[in-house]
Amino acid sequence: MPATGVHRGTLAAPLENHPVRRLVTHRGRPLHPGHRHAVHLGQPALRTADGHHRDERRASWLELFFDLAFAGAVGQLAGAFQGHPGLGALARFVLLFTPIWWLWVQLTFYADRHETEDAAHRISMLVAILLCVGLAASAPSALAGHTAGFVIAFACLRGLQLLLYARARRHLPATRPLYSCYLISFSAGGALWLASLTVGGSARYAFWGAALLADAVGSLAMLSPRRRLPLNSGHLADRFQLFVLIVLGESMARLISAAAARPWSLPLAIVLTAALITLAALWWAWLSAADRCALNGPAAIARFTALNLPLVAGIAAGSAGLHLAILAADGASTIAAGPRAALYGGVSVCLLASVLLPSTTMTRPARVARLATALAAMGLVFMGAIIEPVYLVPALTAVLALGLTAEARQSRSAGNPAAAGRVYLEHPCPRS
């Protein structure tokens, strides 16, 4: 991706004419060279300008705090589904998860380009966290059909997002072609969200769908060469990796709470052990597929972002299903269709999304093996109608273990040991 050569809206001299001194705000987390003395209160910076989109950069502590808030909203939504499981509730779970995820993505992309240490940025992110807490608190009511609070919280976050983009557009001329499109499409989407308050029932969800479609159309402007703004793909990959890890941590806490609600027994121990191994297998499946070196352009980044939506939703739904399976471990009956679809269907959707991720580490045979694993997991949705969780959850774990083992063997036979995820963690990508 070509560097823009523009920082703070003025032409900057080439990097080779200036000595570079790396600054570190806390252990192991470098900032933009010259970052401390280039930032002024009230004016955003374009951190990815002048070739700095290729810098090695990790998520900041503020970004991690921000991710915790949004992962908490996902956790609240999954917890609400556990309380009222059913196919209708599962459909509403997906409808509510999508805008939460979309807000996180948009604010993550903004921080990738414009994160600074000035008070204005930090205050805006803390306000976003506060509003996200409101979004999380309203999620259980929204899943039950009372969506007004959720819509208002979403609209407030969208308003903050628009203010941030308008501020960056004002001070950074290089951002104007892209952010003008963002302001138009995201404003239209926000207006549709507010308009949904005037209707009720399924019509409200139709407004939400139209709003998300308007957002999606606007976000595709990043693919236009004349509107292109650099993104730090390594930093974005780090953010997504950490968010998935936090959601898995929330999922593990959910399993522990389910186990604590039941007296210990052999069936409970079997289901709990299988559930924990299942979460570990999902983490490994994501890690072995996600490849920051494959995020080599806007199209690859857009594809990676879109596929992480069903991937994270599948993890969240699957963990809610595992919670219900643990609660039913001592029973002599199967679990209902809603929890089965969330558990086995969620795992299957997660695996299917990971198959399609842009990756240089997954060979074609490994993708085929993972596709077969995903289809086998989906088949357990129907088998769950006649088989109890104490047998079927370990069967799911066995399917995942066999599938990942087959992938590893395919990778070794193809001479590509990096497919196990080691390149993603240890080795830098070659500079283009």
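Starting from the Cα gyration tensor of the stretch 265-399, take the square roots of the eigenvalues, sort them a ≥ b ≥ c, and report rounded, prolate or oblate (rounded when a/c is under 1.5, otherwise prolate if a/b is larger than b/c, else oblate). Prolate is the answer for the stretch 265-399, as a/c is 1.5 or above and a/b outweighs b/c. At 7 Å along the Cα-to-beta-carbon direction for both residue 144 and residue 257, put a label point, then send me their distance in nm to one decimal. The answer from the label model is 1.6 nm. Would you please classify the overall shape of the stretch 175-327 from the alpha carbon gyration tensor, given that a ≥ b ≥ c denote the square roots of the eigenvalues, rounded means a/c under 1.5, and beyond that prolate means a/b larger than b/c while oblate covers the rest? Note, shape of the stretch 175-327 comes out oblate. Counting only protein heavy atoms and a probe of 1.4 Å, the accessible surface of the stretch 201-325 is 72% carbon and sulfur.
Judged by the ratio a/c of the largest to the smallest principal axis of the C-alpha gyration tensor, the stretch 199-251 counts as oblate, that ratio being 1.5 or greater while a/b is no larger than b/c. Average accessible surface for the stretch 270-393: 32 Å² per residue, computed with a 1.4 Å probe over protein heavy atoms with every protein chain in place.
Roughly how far apart, in whole Å, are the Cα centres of the stretch 219-289 and the stretch 310-367? Measuring centre to centre over Cα atoms gives 11 Å.
Remark: relative contact order (the stretch 186-268) = 20 percent; criterion is Cα-Cα distance under 8 angstrom and separation of 6 or more residues. Using the 1.4 Å probe convention, the accessible area of the stretch 156-261 works out to 39 Å² per residue with neighbouring protein chains retained.
Ordered by 1.4 Å accessible area with all protein chains kept, 382, 93 run largest first as 382, 93. Peptides 338-348, 110-120, 56-66 ranked from most to least packed give 338-348, 110-120, 56-66, packing being the mean of other C-beta atoms within 10 angstrom over each peptide's residues.
Normalised by residue count, the stretch 92-212 yields a Cα convex hull volume of 90 Å³ per residue.
The values are calculated or read from the model by the stated rules, or taken from the named source; none is laboratory data. Please read all numbers here as calculations on a predicted model, not as lab measurements. Heads up, the Cβs are rebuilt from the backbone with ideal geometry, glycines too, and the neighbour counts pull from every protein chain shown. Protein only, heavy atoms only, side chains kept; ligands, DNA and RNA dropped before computing areas. Shrake-Rupley method; radii C 1.70, N 1.55, O 1.52, S 1.80 Å.
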